[in-house]
Structures are given as C-alpha cells and as structure tokens.
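The values are calculated or read from the model by the stated rules, or taken from the named source; none is laboratory data. This one's a predicted model, so the numbers in the text were calculated from it and none came from an experiment. Methodologically, a virtual Cβ is constructed for each residue, glycine included, from the backbone with ideal geometry; neighbour enumeration extends over all protein chains shown.
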Amino acid sequence: MIRAFRFRLASVPIALAFAAALPSGGLAQFGGTMDLRSGPVAWDKVEGGNPLLNGEVAGSYRFRPLNGLRPELLGRFGVSTGPDARAAMGYDLGVQLHTTGGGMWLGGAIGAAGNGSSARALTRLEGGVRRSLGPARIEVWLARTGFGGRIVSGGGLNQDSAGTGDTLARRGVSEYTDVGSRVLLSLSRYEVGLALTRRIGGGFSRRSGWELSGTWWAAPNVGVVGATGHSLSQFGLSLPGGRFGTVGLRLAVGARSAAAPARQSSETRPVTPTLAVSHRRLTVHWAPARTAEVMGDFTDWEPRPLVPLGAGRWTLPAELTPGVHHLHVRFDSGPWLVPAGAAAVDDGFGGRVGLVVVR
Amino acid sequence: MLRLTALLFFLSLPPSADAAAQDPRLASRLDSLTLPKVEAVLVTAQRRGLPIEPLVQKALEGASKRAPGPRIVTAVEAMLADLTRAQQGLGRSATADELVAGAAALRAGATLEMVDQLRRAEPDAGVAVPLAVFADLVAGGMAVGAAWRSVEDLAQRGGDDEEFLELRERLRPAGQSP
C-alpha cells in the first residue's frame with residue numbers, strides 16, 4: 001500500500017475553446033466545472049511511494065432542443081504521472097442526446113488512452129436515466145468502454161510492478177462495462193452526493209467502487225468539496241483504483257450547474273425559467289443557476305433570495321397574498337427576467353414585467 | 001375635558017390626501033425632483049377613489065430598474081390613466097386587484113365595453129382572474145379577439161377562478177416563454 005497525493009483537475013479550458021468555436025444562440029448552453037482536489041490515496045495492488053499528479057480538462061456544449069432531443073458535445077483530456085513518474089494520458093470527444101421530457105440520455109465517444117506512443121484508441125457507449133425526487137436527483141447509468149487493442153504499455157500506471165494487481169497491463173483488458181448510480185441531495189448551500197459503481201466482466205479483482213461527497217457553496221460559483229470513497233481503476237487515465245479522501249475547491253463555469261460535472265450532468269433543464277404558484281407559494285425551476293432572486297410588488301421591488309429546493313427548483317420562503325402580483329426573477333445576479341408561467345405585460349419602462357394571479 | 005375632546009376629534013379625522021401620499025418607501029428610493037411629482041400623482045389617485053398602492057409599486061419598480069426620474073413619473077401617470085379607465089369599466093366598487101388586472105387587460109387591447117361586459121357576466125364574482133388571464137393570453141401571442149372570446153365564453157358559463165386558470169393552461173402550453 002502506498003499513500004500519495006491525488007490532484008484532480010476536472011474542467012474547462014477546452015470547453016472555452018468550444019464556446020469560441022460553436023454558435024452561442026440564446027438557448028444553447030456552454031458550461032462546465034473545475035475541481036481542484038488533493039488528499040491521500042492508498043492505491044490498490046501498487047507498490048512504491050511516488051506521488052501522483054492527475055489533471056483532467058473537460059467541457060460541454062448543449063444545443064437547442066430538436067424534435068424532443070437535445071444534443072450535447074463533450075470533450076475531455078486527462079494526463080497523469082504515476083508511481084514510476086511516467087506520464088499517461090487519455091482524451092475523448094463525444095456526443096450525447098438528451099430527451100427533453102423523459103429524463104433519458106444516450107451517447108458515444110471516441111478517443112485514446114495510454115502512455116505516449118503506446119496510446120490506443122478507445123470508444124465508449126453510454127446511456128442513463130435520471131429522476132428528481134424533491135431535493136434529490138437520482139441517476140442510473142451504464143457505460144461500455146473498449147480499446148483498440150489490449151493496452152500493455154511499458155510504463156506509467158499501466159504497469160503493475162508487483163504483478164498482482166488488476167491494472168490494465170497485467171490483465172490485458174480490452175474492454176469493460178460499468179454500471180453506476182448517483183444520488184445528489186441539495187439543501188440550501190449544501191450538497192451531499194453518494195455514487196456507487198459496479199464493474200461488469202471478468203479479470204478484475206475489484207468490481208465495486210463508491211464515493212461519498214459533500215459540497216458547501218461558499219459563493220455562487222465557488223464550492224468547497226470533501227470526498228471519500230474507493231475508486232475503481234480508471235484505465236482511460238491509467239489510474240489504478242484506491243481508497244481516497246480529498247478536499248478541494250469546485251468552480252462553476254458557464255451555465256452548467258456546478259453540482260453536475262460535465263461528463264455526468266445530464267439533467268433535463270428547461271430552456272427558460274419556469275414559474276409556478278401553488279398554495280400561495282412561489283416556485284421557480286431553472287437548474288443551471290447557483291443563486292436565484294425575486295423582486296416584485298410583494299417585496300417593494302427589492303431583491304429577495306430564493307431558497308434552493310434541489311434539482312434546479314427555487315422557492316420564496318413566504319406566502320404571497322391573494323391577488324394580482326408583478327414580479328421578476330434573476331439568476332446568478334444576471335438580468336431580471338419574466339419567467340414562463342407569468343404573463344409578460346408592458347412595464348411602462350420600455351420592457352416587460354411578469355404578472356401572476358395568486359388565489 | 002374640552003381639550004381632550006378636541007384632541008380626540010382631530011386624531012379621529014382621516015389623514016389628508018397629501019399626508020397619505022407621503023410614503024416613506026418612496027422618499028428613500030426616489031430623488032428629490034421625482035418624489036414630489038410622483039406624490040402629486042398619488043394625491044390625484046386618492047381624490048379619484050383609486051388605490052395608491054399600485055402606483056407606489058410602479059414607482060418603486062422604476063427605481064429598482066434604475067429608470068430615469070422623468071420615465072418613472074411617466075410610468076406612474078400612465079398607470080394612473082390605466083386605473084382610471086379600468087375603474088370606468090369596472091365601477092367604483094372594483095377592488096384594487098380588479099383594477100390592476102383591468103389596467104393590464106386594457107393595456108393588452110381590451111376595450112371598456114369588453115371589461116364592462118365581463119363585469120356584467122360575473123356580477124357576483126371577482127373579475128381579477130379573468131382579466132389577468134386575458135392579459136396573459138394576449139401576452140402569449142393569442143389574438144385579442146380570440147383571447148377575449150375564450151374568456152367571455154367561460155364567464156358566461158359561470159366559470160370560477162380555477163376554471164379560468166385551467167383555461168389559461170389549456171390555451172397556453174406550460175413552459176411556453178412569454
């Protein structure tokens with residue numbers, strides 16, 4: 001067993017390039033997150049005491065919905081140095097199709113992984129479903145990753161110096177399938193997540209992985225993350241599995257919720273904020289935001305923060321009085337909007353204001 | 001005793017229109033040039049028997065949107081005109097909500113005759129919701145005539161507020177952006 005520092009960078013300069021290259025229509029969305037985490041790792045079946053440095057850059061771009069499907073382009077590039085100080089890398093580009101109403105997604109990606117010139121092509125097919133239950137978001141997914149040939153390279157983390165582990169090199173793995181589930185509970189500025197993964201197929205000494213994480217959003221786009229668990233081998237980045245405990249920062253970029261990393265975020269989001277009033281309670285649905293505010297005649301037109309309910313839903317923690325109300329909402333301190341669900345009437349100032357009836 | 005009686009008499013008098021128009025919320029949000037002009041509009045509204053709260057809110061809305069002072073005064077005056085027209089169509093017994101919804105409906109394209117017809121069709125029920133639904137439908141892109149026929153038809157059948165809201169949901173798909 002060795003203990004090493006784990007450094008993970010998950011996001012987004014590539015996505016910035018995406019944003020520059022792709023059209024930026026009003027309903028299309030670019031986004032991602034950047035995670036900076038470090039902590040001790042006890043690697044499975046690997047000897048030696050070299051520290052590990054691992055970086056991953058990922059981004060995505062969601063297009064406008066078309067015929068009930070919303071395409072999304074995703075890209076990822078990762079590098080790592082391992083116990084033998086050789087660099088390994090992996091990258092892939094993929095497309096996912098999200099149903100706009102059914103909570104399902106299906107996608108594929110191509111790329112390469114390995115060590116320098118010994119990198120092999122990889123392909124990945126994946127799909128999943130997700131549901132929102134109150135403040136909880138639940139995802140179940142399946143991903144099959146195949147390589148162009150058995151990856152048996154001469155160094156880096158692909159090589160098991162002890163010869164007893166389940167690294168890609170020793171087992172000569174050419175493909176594997178993971179089934180996973182993830183539950184994310186959002187309460188105010190706090191998020192708690194639990195992810196379980198099961199690897200299907202032979203040749204692996206460890207088949208189950210898990211991660212328990214907690215995030216405190218100290219600012220709209222900056223979160224403090226703590227996580228612990230036991231990861232499975234990540235062959236794409238030539239990482240063996242291991243027990244880990246990490247702390248770090250999460251930065252939200254673009255329109256994507258920081259709670260959902262670029263590769264895993266597949267929740268269906270409305271194209272405009274949607275407002276509903278039930279039992280004199282005002283609720284707004286707009287998942288990509290980190291903060292939400294409302295102002296209207298019931299606040300004397302002063303901004304009031306909305307409280308997150310999870311799964312992109314926000315509420316005003318007070319009942320509205322019966323009658324006709326005018327209002328605006330905004331997200332992440334952006335422009336004031338008229339949400340769908342409210343009538344957009346002339347505000348007398350050259351714009352529109354939302355009108356709702358509360359019974 | 002006489003002095004006490006006189007004091008109670010003066011205290012029991014309703015506040016003057018000018019005093020009621022001096023809303024501390026406005027004083028803290030409007031500049032010194034805009035404030036007296038808005039207060040003058042409020043005094044006019046009180047003298048016409050119109051609710052002043054919608055006008056105060058319109059001024060506060062303008063302040064929050066950083067509208068220039070003259071624009072705020074114009075918007076409040078326009079609101080006063082809308083409320084006055086709504087009162088003409090709905091009568092002096094109309095509630096503040098009905099007047100606000102009526103103003104929105106008139107601004108959306110309804111006529112005084114339409115508003116008056118709706119009032120007659122719903123003599124015992126409030127018309128705030130039907131008027132707001134009409135304004136909503138027009139804002140959603142529906143033609144004024146078609147929206148009005150839908151609202152009027154339901155009103156003549158004695159539809160309640162819930163049915164008007166259902167009408168709105170039916171004619172305007174959920175999630176549609178205004």
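Okay, here's what the table says:
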{"quantity": "Residue count for segment B:109-134, restricted to those that are more than 15 Å from B:F164 (Cβ to Cβ) and at the interface with chain A (Cβ under 9 Å from one of its Cβ atoms)", "calculated": "0"}
{"quantity": "Matching residues in segment A:318-339 - criterion: being under 30 Å from A:T215 (Cα atoms) and under 28 Å from the mean Cα position of the chain (by Cα)", "calculated": "A:V329, A:R330, A:F331, A:D332, A:S333, A:G334, A:P335, A:W336, A:L337, A:P339"}
{"quantity": "Condition met for B:G89 (closer than 20 Å to A:D297 by Cβ and crowded, with 23+ Cβ neighbours inside 10 Å)", "calculated": "no"}
{"quantity": "Output for segment B:109-152, where each listed residue is in contact with a strand residue (DSSP E or B) (Cβ under 7 Å, 6 or more places away or on another chain) and modelled with pLDDT of 85 or more", "calculated": "B:A128, B:V129, B:A132, B:A135"}
{"quantity": "Per-region count, segment A:167-183, residues within 14 Å of A:W141 (Cα to Cα) and either modelled with pLDDT under 65 or among the aliphatic types (A, V, I, L, M) (or both)", "calculated": "2"}
{"quantity": "Residues of segment A:337-355 satisfying the condition of being farther than 17 Å from A:L282 by Cα and at pLDDT 85 or above", "calculated": "A:D347, A:G348, A:F349, A:G350, A:G351, A:R352"}
{"quantity": "Segment A:319-359, subset more than 10 Å from every other protein chain (Cβ to nearest Cβ) and without any contact (Cβ under 8 Å) to a residue 12 or more places away in the chain, residue surrounded by the most Cβ atoms within 10 Å (Cβ to Cβ)", "calculated": "A:G334"}
{"quantity": "Options B:P68, B:P36; residue that is at pLDDT 90 or above and within 13 Å of chain A (Cβ to nearest Cβ)", "calculated": "B:P68"}
{"quantity": "Residues of segment B:39-65 classified as more than 13 Å from every other protein chain (Cβ to nearest Cβ) and either surrounded by fewer than 21 Cβ atoms within 10 Å (Cβ to Cβ) or of a type outside the set (A, V, I, L, M, F, W, C) (or both), total", "calculated": "8"}
{"quantity": "Scan of segment B:148-164 for residues that are assigned to a helix (DSSP H, G or I) and more than 19 Å from B:L90 (Cα to Cα), ordered by number", "calculated": "B:S150, B:E162, B:E163"}
{"quantity": "Checklist (1) buried (at least 22 other Cβ atoms within 10 Å of the Cβ); (2) within 11 Å of another protein chain (Cβ to nearest Cβ); (3) assigned to a loop (DSSP other than H, G, I, E, B) applied to A:A289, failing item", "calculated": "(2)"}
{"quantity": "Segment B:81-106: number of residues that are out of contact with any helix residue (DSSP H, G or I) (no Cβ under 7 Å at 6 or more places or on another chain) and hydrophobic (A, V, I, L, M, F, W, C)", "calculated": "1"}
{"quantity": "Looking only at segment B:153-170, and only at residues there that are modelled with pLDDT under 85 and exposed (fewer than 13 other Cβ atoms within 10 Å of the Cβ), the one that is nearest to the other protein chains (Cβ to nearest Cβ)", "calculated": "B:E162"}
{"quantity": "Subset tally (residues that are under 9 Å from the mean Cα position of the chain (by Cα) and under 11 Å from B:L118 (Cβ atoms)) for segment B:82-107", "calculated": "3"}
